[in-house]
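> To start, I am sharing the structure in question, which I have written as structure tokens.
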Amino acid sequence: MLLTTLELTAATTQLQGATLQYSAMPAAYPPVDAFHFRADTMRPLFQYAYECAHSGRLWTAFRHTESEGGAALRSTTDAPKVPCPADDPLIGYFASR
């Protein structure tokens, strides 16, 4: 998703009185072929997303850069080998405007 599309979507949700939260695959996650929907291909990705969601670190809130100091919610559980989207600084960078 382009940053301008993300910003437009965030502005629209804000006008509607909602907040935008999004998730993306961190660059550290092993590449996944987007057209292979076989269970053995997708199961590790879904397990990764489940573990991040269960620990509260799947979604990143789209926020203004001056708000909250850019801090994302963190969990006290052990982190997986690949950081969850909420822990990835690059994804957090795109979530601030």
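The values are calculated or read from the model by the stated rules, or taken from the named source; none is laboratory data. Worth saying up front: this structure is predicted, and the values here are computed from it rather than measured. FYI the Cβ positions are ideal-geometry reconstructions off the backbone, even for glycines, and counts take in every protein chain you see. SASA here: full protein model, heavy atoms, side chains in, ligands and nucleic acids out. Shrake-Rupley method; radii C 1.70, N 1.55, O 1.52, S 1.80 Å.
> Given the conditions (1) open to solvent by less than 60 Å² (accessible area, probe 1.4 Å); (2) at pLDDT 75 or above, and given that GLN47 satisfies all but one, which numbered condition is not satisfied?
All conditions pass for GLN47, except number (1).
> Could you grab the pairs with beta carbons closer than 7 Å, sequence gap of 6+ or different chains, first residue in region 24-37 and part of a loop (DSSP other than H, G, I, E, B), second one open to solvent by 70 Å² or more (accessible area, probe 1.4 Å)?
What qualifies is ALA27/LEU90.
> Which condition does ARG38 not pass, out of (1) of a type in the set (Lys, Arg); (2) buried (at least 17 other Cβ atoms within 10 Å of the Cβ); (3) at pLDDT 80 or above, if it passes all the others?
(2)
> So how many residues does region 20-35 have that are of a type in the set (Ser, Thr, Tyr) and at pLDDT 85 or above? I'd like the intermediate steps shown before the answer.
First, pick out the residues of region 20-35 that are of a type in the set (Ser, Thr, Tyr): 22-23, 29.
Applying the additional criterion that residues be at pLDDT 85 or above yields 23, 29.
Qualifying residue count for the region: 2.
> Can LEU8 be described as at pLDDT 85 or above and open to solvent by 40 Å² or more (accessible area, probe 1.4 Å)? Give the steps one after another, and end with the answer.
Values: at pLDDT 85 or above: yes; open to solvent by 40 Å² or more (accessible area, probe 1.4 Å): yes.
Spelling it out, LEU8 is indeed at pLDDT 85 or above and open to solvent by 40 Å² or more (accessible area, probe 1.4 Å).
> Quickly run through region 57-97 and pick out the residues that are open to solvent by 50 Å² or more (accessible area, probe 1.4 Å), within 27 Å of GLY17 (Cα to Cα) and modelled with pLDDT of 65 or more.
Taking region 57-97 and keeping what is open to solvent by 50 Å² or more (accessible area, probe 1.4 Å), we get 59, 64-66, 68-69, 71, 73-74, 76-79, 81, 89-90, 93-94, 97.
If we keep only those that are within 27 Å of GLY17 (Cα to Cα) as well, we get 59, 64-66, 68-69, 71, 73-74, 89-90, 93-94, 97.
Listed by number, the residues that qualify are TRP59, PRO89, LEU90, TYR93, PHE94.
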